[in-house]
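Worksheet: the structure to be examined is printed underneath.
The values are calculated or read from the model by the stated rules, or taken from the named source; none is laboratory data. This is a predicted model, so every value here is computed, not measured. Cβ placement follows ideal geometry from the backbone for every residue including glycine, while neighbour counts extend to all protein chains displayed.
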Amino acid sequence: MKIGKLHILNVLALSIMLAGCFANNAPLEKESFVMGTVLSQKIYGKSAKEASLEVESKLRSLENDMTVRKPGGEIYNLNLNAGVESVKLGFDSLHVLREAVRYSQISEGAFNPVLGPLIELWGFAEHPGVPGKREIDKLLDLADYRDIVIQEDWAKLRRKGQRVDLGGIVKGYAADVAVGIYRSYGIKSAFVNLGGNVAVIGDKPDGKPWIIGIQNPRDIHGRYIGTVPVKDASVVTSGDYQRYFEDDGKRYHHILDPRTGYPAQSGLISTTIVTESSIKADALSTAVFVMGLDKGMELVESIYGVEAIFITNDYRVFVSEGLKGVFKMNTGAERYKYHEKR
Ligand code: ADP
Ligand code: MG
């Protein structure tokens, strides 16, 4: 009797231990709504819960600092004081602003963080509609990123009416911040997706790379044109399908060409950047979308460690040197033609 009971207790203890092990191996998977979009986290390791909560609260504070639509934040105040005075900024806003200017320079103005008034005019967020050309041209004059002055702990916009909009870069920064928080908890394997800005830490626990799907730009959400395997990297896509409206049968999407003030018509409908940092991937995916196939690919090939997948409006798919044989087209995406050489 006694031995039997002990045996049962041992079996019980063993199964509790095993359950504990499995529980540790299962990732924490969580979805929340932050920065106007869906935040998905998949985290392996024992501090997953604490890390996920810290990421949520840090991202909410970044949203408050950098949103241009709600009063009180740092970038909101910067815009409010355009042409008047300088505004003190915290570390995060200063860093994102500096990077935004740097990518404007690198892309020769294709990336532009002072399109605020034009983005507002097109009303992509609330009341979309095609503005008059005269209004566009008037605001185009204000869209000069060289009017952003950044010093040690403050910044200013030189002219009245100028407004910064960091929508093309801030989600990438937030994904990098999330990765930093995971690492600070000793997490070795994690996946974060902030509205299409993906970043991963390490491999999956089974030692295989994370497989990231690239959205088919003309299919329903979640249908992929192909996949790319990654480790310790970020994958960010800009596309004309993410936010747009149609007028008179024409598509008007949310990535503006800073030279014209109209949605970019570069012949590309989707640009994906794969690289180690998500802020870089975010800024560059927006920039190359505006630059088009040849100039965009030239820029990608000129920066060490940056790879890309471009899709044209006639359904051709181009990848940079480093993704040849790595990016895999899905068999279901027949409409698209993969091109090795350009
Ligand atoms: P998403 O926000 O859909 O992930 P992007 O990273 O490409 O896509 O950013 C698009 C956003 O960036 C727009 O909604 C707008 O706020 C801003 N934006 C639009 N055109 C430009 C541009 N040429 N340079 C920088 N930011 C831009
Ligand atoms: Mg971007």
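A count restricted to region 124-155 and to residues that are under 25 Å from Ile279 (Cα atoms), among the small types (Gly, Ala, Ser) and modelled with pLDDT under 95 stands at 1. Filter region 59-114 for residues that are over 21 Å from Lys280 (Cβ atoms), within 16 Å of ligand 2 (Cβ to nearest atom) and in contact with a strand residue (DSSP E or B) (Cβ under 9 Å, 6 or more places away or on another chain) and give the result. None; the set is empty.
Can you give me the number of residues within region 213-228 that are surrounded by 22 or more Cβ atoms within 10 Å (Cβ to Cβ) and without any contact (Cβ under 8 Å) to a residue 24 or more places away in the chain? So the count comes out to 0.
Whenever a residue of region 30-48 is without any contact (Cβ under 8 Å) to a residue 60 or more places away in the chain, its partners that are among the small types (Gly, Ala, Ser) and more than 15 Å from ligand 1 (Cβ to nearest atom), lying with C-beta atoms within less than 7 angstrom and at least six residues away or across chains, give the pairs Lys30/Ser52.
One residue is enough: does region 151-158 have a residue meeting the conditions touching an Asp or Glu at 6+ places or on another chain (Cβ under 8 Å), more than 16 Å from ligand 2 (Cβ to nearest atom), closer than 19 Å to Val84 by Cβ and basic (Lys, Arg)? Yes. Checking each residue of region 291-313 against the condition of being within 24 Å of Glu120 (Cα to Cα), buried (at least 23 other Cβ atoms within 10 Å of the Cβ) and more than 14 Å from the chain's Cα centre (by Cα) gives at least one match. Scan region 138-145 and give yes if some residue there is within 14 Å of ligand 1 (Cβ to nearest atom), under 16 Å from the mean Cα position of the chain (by Cα) and among the charged types (D, E, K, R), otherwise no. No, region 138-145 contains no residue that is within 14 Å of ligand 1 (Cβ to nearest atom), under 16 Å from the mean Cα position of the chain (by Cα) and among the charged types (D, E, K, R).
What are the residues in region 185-217 that are more than 25 Å from Tyr241 (Cα to Cα) and touching a helix residue (DSSP H, G or I) at 6+ places or on another chain (Cβ under 8 Å), if any? Matches in region 185-217: Tyr185, Ile187, Ala190, Ile201, Pro205. Go through the residues of region 235-255 one by one and say whether even a single one is crowded, with 24+ Cβ neighbours inside 10 Å, among the aliphatic types (A, V, I, L, M) and near ligand 1 (Cβ under 9 Å from one of its atoms). Within region 235-255, one or more residues are crowded, with 24+ Cβ neighbours inside 10 Å, among the aliphatic types (A, V, I, L, M) and near ligand 1 (Cβ under 9 Å from one of its atoms).
Output the strands (runs of 3 or more DSSP E) that fall wholly within region 109-198 and possess 3 or more residues being within 20 Å of Phe33 (Cβ to Cβ), or say none. Steps first, answer last, please.
Numbers: elements: 148-150, 154-157, 189-194.
Of the strands (runs of 3 or more DSSP E) lying wholly inside region 109-198, those with at least 3 residues that are within 20 Å of Phe33 (Cβ to Cβ) span 189-194.
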